[in-house]
Amino acid sequence: MESKIRSSGIDIIGNTPWGTHFCLFYQTKEDLIDILVPYFKAGLENNEYCMWVTSEPLDEKEAEKAIRVAIPNFDEYLLRNQIEIIPYTEWYIKNNEFDSDRVLNGWVDKCNSALEEGFTGLRLTGNTFWLEQKDW
């Protein structure tokens, strides 16, 4: 990945270098949309591969509907396979188990695949609302 500054798409955060990890708190579904839609819009506009792993309070259908409102040409990004929006049950849970090593390795694989496909990097969010204390 290029070692330059990237637009986070989130006004209060501004620009960040590759590898930045942050946690944002929200109170409502609308707060979550207001944070994540601009975040992914910036990534798509800057040729980043985007992965949105959803959980309560926002499912994948609602997430896609919200991002379509903000990005009129969203179908172009889908056709380029530049973004995937999936429920947590398809990413975090395999065989009814959460395995953090498998998840982290999966993200590394996604990043490597994105770079091989010509994207500048990987932008993702994974909502762990569903995660219980026993899973830590």
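Read-outs throughout are calculated quantities, based only on the coordinates presented, and are distinct from any laboratory measurement. Every value quoted in this text rests on a predicted model; they were computed, and no experiment measured them. Here Cβ is always computed from backbone atoms with ideal geometry, including for glycine, and neighbour counts include all displayed protein chains.
Data table
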{"quantity": "Candidate lysines - alpha carbon under 16 Å from LYS29, same-chain residues fewer than 8 apart omitted", "calculated": "LYS61, LYS65"}
{"quantity": "Within a Gaussian network of the chain (alpha carbon springs, distance under 10 Å), most fluctuating of CYS50, CYS23, CYS111", "calculated": "CYS23"}
{"quantity": "Förster-model FRET efficiency, 22 Å R0, ILE10 and VAL108, C-beta, rounded to 0.05", "calculated": "0.35"}
{"quantity": "In segment 1-91, the GluC sites (Glu not before Pro) that fall in loop regions by DSSP, at most 10 other Cβ within 10 Å", "calculated": "GLU2"}
{"quantity": "Share antiparallel - DSSP beta bridges, the chain, percent rounded to 5", "calculated": "40"}
{"quantity": "Label-to-label distance, nm, for residues given as TRP18 and LYS61 (7 Å Cα→Cβ offset)", "calculated": "3.8"}
{"quantity": "TRP91, TRP18 arranged by Cβ crowding within 10 Å, fewest neighbours leading", "calculated": "TRP18, TRP91"}
{"quantity": "Straight-distance crosslink candidates among aspartates and glutamates, where the alpha carbon sits under 20 Å from LYS41 and sequence neighbours closer than 8 are dropped", "calculated": "GLU2, ASP11, GLU30, ASP31, ASP59, GLU60, GLU62, GLU64, ASP75, GLU76, GLU84, GLU117"}
